[in-house]
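Every number here is computed from the coordinates shown, using simple stated rules; none is lab data. The structure displayed is predicted, hence computed values, not measured ones. Positions of Cβ are backbone-derived with ideal geometry, glycine not excepted, and every protein chain shown enters the neighbour counts.
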Amino acid sequence: MAREDTQAGRPVKMEQKGLGHWPEPKAAKRTIAIKMSDAMRFTPDLIEVKQGETIRFVIRNEGRMLHEFVLGTKKELDRMPRDAGSSRPWA
């Protein structure tokens with residue numbers, strides 16, 4: 001699937017990934033709010049979804065440091081560059 005979405009003010013390439021695809025925004029039946037802190041923690045720290053479920057994530061950085069929120073399969077995440085101070089993939 002490929003389409004251009006300019007809702008955020010810039011084009012976004014929509015494509016199928018191992019974890020799923022970028023759906024139409026109105027397809028989301030549930031919204032999950034994620035908070036990031038300078039303690040390098042996400043709240044909630046566990047999210048359960050059903051296969052095929054479309055989720056809208058609302059990400060809020062409540063700290064002062066820059067943070068990233070990355071979704072992917074374990075294989076995709078294992079291939080990502082690693083944080084200089086950690087042996088774990090960015091997550």
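Below, the figures for the structure above:
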| quantity | calculated |
| --- | --- |
| Inter-label distance, nm, simple model (7 Å from Cα along the C-beta direction), D78/R56 | 3.5 nm |
| Label point distance in nm, M65-I32, each placed 7 Å from Cα along Cα→Cβ | 2.3 nm |
| For I32, distant residues with modelled amide H under 5 Å away | R56, F57, V58 |
